[in-house]
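Here is the structure we will look at, set down as structure tokens.
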Amino acid sequence: MAIQGICWNRARECGLLLTPSQLTIFRTNELTSIHQKPLSDFTNSPSSTLVCCDTPGGFAFAAAKTVWAVDETLTKLWSTSLNTHDADDEVNALLYQPQTAQVMLACDDGSIFGLDAETGEQAMCLSAAHENICMTLAVSKLYPGQVYSGGLDGYLKRWSHRTPTKVFLLESLSVSKKLNQLSDQTRSINPPLIYALDISHRDDLELLAVGVGTGDVMLYQTTPDRVAMKGPWVVEHPHRAMVTALCFAPVDIGWLLVSVGNDRQLKLLRVQPVAKSKSVTKTPACKQRAPAAKQKAKKKGKGGKVAASELDTSPKVTVTVQLLNDMTCCEKVDTLRPVRDNTVAIIDAAQQLHLRTLRDLLTQSQLEAAVVSASSAAAAAAAVEGEDS
């Protein structure tokens, strides 16, 4: 049976597994605490997309354009139907935004909704966030209130969402313009549309990974609100088709970035930041320096505002990326989801759920990997918990 959604609530030590007919809650510390309910208890409407995320109260999941919140016993907390442009619109992604305590949703009509996580009431709606389908969302952990969205219009957008009802566009980047210098047959067949985002930070450095329809992966360094994002660093063609899922995992230095594409391949990218060396530029003798008062004025924008360069507190780095060996333990991969800092859930073409630790991914060892079907997902979660302890 097809696994369409999986997510973990670390605070409550349990996970939610979605199939077209069933919801399953399984705990990571005890094998007997399993709760299951048929999806028909919530909806009878067919949906090609089922997505979920964790919330402080448990979980939220969406089918078609209706969203539900449940606790760890699958007791319904609330449900909300979205008012989208078309009756056939579906929710493609949802996540919890802690700054405003909202569940945010990306929809087929290009809109982004924000629902109160406790009540399900609609708090905000960006009705024209993207000109085509909005596919994916990410939330900054380093800069609270920053939200990122990607869509089939080929744009990566950065939003400021610090209050429940107000959202401001900070930056809009065209992926096709960034990749226009890279033109070959694959890119002409697969347009540079955005299908996946993931974000991770360590100390004062945060990176945003963008999965593109061309099979490329782009990396940006996030920045404060009034400072343009840095990058991109482009990894050319790790996949032969669109990149559908991304997941960061921290390592000793930098990150391991796990990617999955429509070519059913899982790729490992070693991402390592390198501090930029400070360069000293001498002022030519023939070029006189401006008076001190004029220099001070230059540092301010219109209206006496401080220049964006003075607000940039992000570290000055460049990013190196190394493509490691392909994953061989899953012959064909359907998708992947993050579990916790050192574990990812991989769903293969046969709809088996593979839980892989970071050590498994790096060594490609199958000795400690838990390979299970959807019906025994709780046993896999218990096995991974035992390995962590």
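The values are calculated or read from the model by the stated rules, or taken from the named source; none is laboratory data. This is a predicted model, so every value here is computed, not measured. Methodologically, a virtual Cβ is constructed for each residue, glycine included, from the backbone with ideal geometry; neighbour enumeration extends over all protein chains shown. Just the protein is used for accessible areas: all its heavy atoms, side chains included, with ligands, DNA and RNA removed. Shrake-Rupley method; radii C 1.70, N 1.55, O 1.52, S 1.80 Å.
Remarks
- Square roots of 5 times each gyration tensor eigenvalue, C-alpha, region 119-185, largest first, Å: 27, 14, 10
- Computed on the Cα trace of region 54-145, the radius of gyration divided by the Kirkwood hydrodynamic radius gives Rg/Rh = 0.95.
- Convex hull projection area averaged over all views, region 97-153, Cα basis, nm²: 3.6 nm²
- Extension reserve of the A275-Q352 stretch, reckoned as 0.36 nm per residue once the Cα distance is removed: 23.6 nm
- Take every Cα pair under 8 Å whose residues are at least 6 apart in sequence, average their separation, divide by the length of region 48-113, and the relative contact order is 27 percent.
- The simple Förster model, with R0 at 22 Å and r as the Cβ-Cβ distance, assigns S176 and A128 a FRET efficiency of 0.65.
- Taking the Cα centre of region 219-267 as reference, the dipole from Cβ charges on Lys and Arg (+1) and Asp and Glu (-1) amounts to some 100 debye.
- Probe 1.4 Å - accessible area at M104, Å² to nearest ten: 10 Å²
- Each of F168, F42 has its accessible area taken with a 1.4 Å probe; listed largest first, they run F168, F42.
- For region 105-142 and region 31-93, distance of Cα centres in Å: 15 Å
- Heavy-atom accessible area for I194, with the other protein chains in place and a 1.4 Å probe, reaches approximately 0 Å².
- In the context of the full protein assembly, E90 retains an accessible surface of approximately 30 Å², using a probe radius of 1.4 Å and ignoring ligands and nucleic acids.
- With every protein chain in place, region 1-84: carbon and sulfur % of accessible area (1.4 Å): 46 percent
- Across the cross-link table entries K276/K332; K65/K166; K76/K267; K37/K166, which are compared at the Cα atoms, the separations over 28 Å belong to K276/K332; K76/K267; K37/K166.
- Under 12 Å, Cβ to Cβ, from L169 - net charge with Lys/Arg +1 and Asp/Glu -1: +1
- Here region 107-174 exposes an accessible surface that is 51 percent carbon and sulfur, computed with a 1.4 Å probe and the other protein chains kept in place.
- Cα pair count fraction exceeding 12 Å, expressed as % - region 188-233: 63 percent
- Spin-label pair H85/D312, simplified geometry with 7 Å Cα→Cβ offset, distance in nm: 3.6 nm
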